[in-house]
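Beneath this line is the structure, given in structure tokens, with notes to follow.
Computed from the coordinates by the stated procedures, all read-outs in this text should not be read as laboratory data. Just so it is clear, the structure is predicted and the values come from calculations on it, not from any experiment. Counting neighbours? That spans all protein chains shown, and the Cβs are built from the backbone with ideal geometry, glycine included.
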Amino acid sequence: MLALGACGESGDTGPAIGVGTGGGGATSGAASLGGASTAGSATLAGAGSGGAAAGVSASGGAGASTGGVTGGGGGVAGGGAASGGGGARDFSSNRDAFFGDSRCAAAKVQFCEDFESGTLDAATWKTGGTAPVIDEVQAARGKKALHFTQGQGNSQIKTGKVFPAMNGRYWGRAFVYMNAMPHQSTDADSLTYSHWTILAATGAMVAGEVRVGGQLQKRYQNATALNFWGVGTDNRNEPEGSGDWTNADDDPKGAAKAVVEKQWQCVEWMGDYMTDETKFFVDATEHPSLATTPTTKHGGNPTKPFLLPEFNAIWFGWAEYQPTTQKFELWFDEIAIDHERIGCVL
């Protein structure tokens, strides 16, 4: 089911998706975006005026998810309820409360896609690169999720339905299952470095993508290269742009953990083009090292401030930028967008 609240403006007006080709994530050219691979239908949810959706108390079947999920439990309690929209939202980091039945229909957020219909709504989504498929191999909630398999290059879905963001700020939440990521090994296709992206927003006034993804790299005292979360942009073709860069996770300081594979994770992010700020969370825990402001230190053009576009489109999926014969695999489930933080329980 695709649940839509009032969102100010519909349509996909963003630029084409960039295809990364070089080291460090430089992009070259653009992926052609065709219509969604399958037809579907959109269901309208209750919504507030002017793109605002009322907050609700989180509910819905907590516990282990269906559809072949591994690693659903074992969470650490924390966080707690906080105010969001017109009511309380649960920002707990207890993973036992994340999974179960789909919660899109009752979420009362601006946008929520659970893939339970088994099709992509062509009026909402456009595909780029290798078309993903909806299956029941893995699911964070309900029975279905969107399955991406890709080598070097991209496999993505894109929408502009959720923009423009209310007061310039939007919050996103998605469940992601990384099954096969870039890796170093003794095999002939081993990588010691790779830059990858799983979602990125684009817009007007400022060129480039605002990316959430990461890098395979050797850090700290690790014997081999591991994947770490990262945020950044590819704004390198604009004289005043901040360049092409990715900042790596450093939470906790000097001992960041590698991206968890073969387990569902809840990823949250915020982008505010009025204040040029971003935030990033994993399993309801904020990673301050990946928050950005105009003065955040970065590579690329380090003397230029990191300014955000007026968001008008966002894509989800996979893009990897280094030459490789490795194959990558992941699933997305229950993608939600709102003007307030959503959390992992709602």
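Projecting the Cα atoms of Thr197, Pro164, Gln152 onto the charge dipole of segment 135-199, computed from C-beta unit charges around the Cα centre, puts Pro164 farthest toward the positive end. Take the Cα of Thr324, go 7 Å toward its beta carbon, and the backbone nitrogen atoms of segment 112-145 under 20 Å from that spot belong to 128-133.
In this rough spin-label picture, where each label sits 7 Å from Cα along the Cβ direction, the Ala291-Lys253 distance is 1.5 nm. Charge tally around Ala258: other residues with Cβ under 15 Å, Lys/Arg +1 each, Asp/Glu -1 each, net -1.
Net length available on complete extension from Ser185 to Lys262 is 25.9 nm, with 0.36 nm assigned per residue and the Cα-Cα distance removed. With the cut-off at 1.5 for a/c, could you classify segment 223-346 from its C-alpha gyration tensor as rounded, prolate or oblate? Note, shape of segment 223-346 comes out rounded.
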